[in-house]
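S.K.: Take this structure first; my questions come after.
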Amino acid sequence: MKYFLGIDCSTQSVKALVIDGAGVVVAYESVALPRPYLETSDPLVRHADPRMWLEGVEAVLKKLRDSEFDMASIAAIGGDAQQHATVYLERFNPLSFSRRTSPIWMDASTGEECRLLDGAFGKRMQLDTGSPAIERFAGPQIMKFVRTEPEAYARTTRIHLLSSFLTSWFAGKEAGIEIGDGAGMNLLNLKTLDWDPEICSFIAPDLIEKLPPVIRPGTFYRLSDRFADYGLIPGIPIAPFTGDNPASLVGCGATEPGVAVLSLGTSDTFFAAMPEFRTDPEGYGHVFGNPLGGFMSLACFKNGSLAREKVKDMLGVDWTFFDETAFERTEPGNGGKRALPWFEPEITPLCNETGLKTNFDWDAASDAERIRAVVEGQMENIAKHTAWIGSFKRIRVTGGASRSRGIREAAARAFQTEVETLDVVDSAALGGALLARDAAKRV
Ligand code: XUL
């Protein structure tokens, strides 16, 4: 029997999911990442140690091998990583980093660079790259590095996305950036499907030389000999790693237009496949690539599950109360009481002043009212800022928080549509495994 492995390297953990040829999950392991980001006094700065991701990937492979799973039966590997994180190399082999830490998607410290890019390119940035200049995207992040650490930038020979860095790690040689995740950089021209020379050279005259090539759907690599240590067969195909959201699009079976997905994770995201690309008139949403061809729309809400958990802990209630009881004790609409738990600077809409935003007296309300206010506030904010994507007869809800009846009902109300729960262990890792199966067919 042949199996296909998907690796998901997300913000808080690394998962390994194995499917058989029919797409049925036969094995699943995960390891928590010890420091998803390094603490700093500036809430806008969010960097992580890139070595931690490699250690996480190796740890999950070891766990899978030690679970007695027959690693030699894996016929192909695919995967994904949190989007937008960049990895700066002085050399790939032996590995040496020119920037000790990697900015991750939660970083919002490049406001100045975004203003400069806006000034230089105006509307063209969004029309050609799918998004206006966005703080967490690779272009503004690289520009900040060029401006603040010019010597380290000069020593840099390659700038990877975390996804292409992991593909390279498995292949044992430097790999390209695939379009799904590459579109989240403000550097890829979606009309030519290649780096935009003008934008790249505005950031640094030699930037384009430091970027990996852009690769097309269907490209694959081969597993390096080193992974024989884990019982894997060297030379099996590696589907290029993509971003977690493009991988989720595949895992949720939403690569064809008509289905939208609301994924409730560390960040909440809303996305759908899009054959021709169209941009958000408000400028918050993005166009990424669909790993199987064409494009996808996406809006990202930074204060997702971590914010819900913080409210739960603040109130000292358990998940049953948060997910169910609070909704039995209150009425839909909550008498107009709404709250937005923006403990981290919010992305959609942009808001750098953190805190709990309410339109009612929080102290005088019951815990149940506070919870409904937060959940209805979040779902209405998502519905409002994704209206540009289109309207959908049904929305698939996935991610840990989709188990909450209260959240599902609030989503159905906010979107005025039917909501179905997609019961997959991990849609991004599943997407990675399905991309691996696809690569195996092409060999
Ligand atoms: C998408 C985004 C997040 C990360 C989370 O643009 O920033 O969803 O991909 O891993």
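S.K.: Peptides 330-341, 183-194: what's the order by average Cβ count within 10 Å, highest mean first?
M.R.: 183-194, 330-341
S.K.: Determine the dipole magnitude for the stretch 253-423: charges of +1 sit on the beta-carbon of Lys and Arg, -1 on that of Asp and Glu, nothing else is charged, the reference point is the Cα centre, and the result goes in debye to the nearest 20.
M.R.: Taking the Cα centre of the stretch 253-423 as origin, the dipole is about 240 debye.
S.K.: Can you flag which of Lys310/Lys337; Lys191/Lys393; Lys210/Lys384; Lys310/Lys393; Lys337/Lys384 are past 28 Å Cα-Cα?
M.R.: Lys191/Lys393; Lys210/Lys384; Lys310/Lys393
S.K.: Going by Cα centres, the stretch 326-340 and the stretch 354-395 are how many Å apart?
M.R.: Between the Cα centres of the stretch 326-340 and the stretch 354-395 lies a distance of 9 Å.
S.K.: Order of 5-11, 349-355, 75-81, 318-324 by packing, highest average Cβ count within 10 Å first?
M.R.: Ranking, from highest mean packing down: 75-81, 5-11, 318-324, 349-355.
S.K.: Carbon and sulfur: what percent of the stretch 253-423's accessible surface (1.4 Å probe)?
M.R.: Of all accessible area on the stretch 253-423, carbon and sulfur atoms account for 46 percent.
S.K.: Which whole-number percent is the relative contact order of the chain (Cα, under 8 Å, 6+ apart)?
M.R.: Rounded, it is 17 percent for the chain.
S.K.: Could you compute the net charge surrounding Ala429? Neighbours are other residues with a C-beta less than 11 Å from the C-beta of Ala429; K and R count +1, D and E count -1.
M.R.: So the surrounding residues net to -4.
S.K.: Roughly how many Å² is the accessible area per residue of the stretch 253-423, as a whole number, for a 1.4 Å probe?
M.R.: Computed with neighbouring chains in place, this is 41 Å² per residue.
S.K.: If you count only protein heavy atoms with a 1.4 Å probe, what accessible area per residue comes out for the stretch 6-152, rounded to a whole Å²?
M.R.: Ligands and nucleic acids excluded, the result is 37 Å² per residue.
S.K.: Just list whichever of Lys123/Lys144; Lys15/Lys441; Lys15/Lys63 have alpha carbons separated by over 18 Å in the model shown.
M.R.: Lys123/Lys144; Lys15/Lys441, as the Cα separations exceed 18 Å there.
S.K.: Please give the peptides 124-135, 403-414 ranked by average Cβ packing (other Cβ atoms within 10 Å per residue), highest first, as a rough proxy for protection.
M.R.: Taking the mean over residues of other Cβ atoms within 10 Å, the ranking is 124-135, 403-414.
S.K.: Can you tell me the FRET efficiency between Thr40 and Cys351 if r is taken as the Cβ-Cβ distance and R0 is 25 Å, rounded to the nearest 0.05?
M.R.: Taking R0 as 25 Å, the efficiency between Thr40 and Cys351 is 0.80.
The values are calculated or read from the model by the stated rules, or taken from the named source; none is laboratory data. Just so we're clear, the structure is a prediction, and the values are computed from it rather than from any experiment. Quick reminder, even Gly has a Cβ in these numbers, built from the backbone with ideal geometry, and neighbours come from all protein chains shown. For the accessible areas, the whole protein counts, side chains as well, though only heavy atoms, and no ligand, DNA or RNA atoms are used. Shrake-Rupley method; radii C 1.70, N 1.55, O 1.52, S 1.80 Å.
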